[in-house]
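Q: The structure that follows is given in the form of structure tokens.
The values are calculated or read from the model by the stated rules, or taken from the named source; none is laboratory data. Treat the numbers as computed from the prediction; the structure is a model and nothing was measured. Cβ: placed from backbone, ideal geometry, glycine included. Neighbour counts: every protein chain shown.
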Amino acid sequence: MAARRPLSAFWRDQSGATAVEVGVIVVLISIALIGAITVLSDGIKTAFTKSADAMGS
């Protein structure tokens, strides 16, 4: 019986699950940001090029 106490405490502990959930959220946000940057990169490059041309550099 004494050996089961630490094992049952381990199964009830939720701190690891919370860390995994936060990790999944961070990964999903990172994927969304990478996708947005990939889609918008040409437009941003064009805008900076036009601005630089307008300033004469």
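Q: Yes or no: Ile31 at pLDDT 90 or above and touching a helix residue (DSSP H, G or I) at 6+ places or on another chain (Cβ under 9 Å)?
A: So Ile31 fails the test.
Q: Residue check: is Leu40 at pLDDT below 80 and either in a helix (DSSP H, G or I) or not small (Gly, Ala, Ser) (or both)?
A: no
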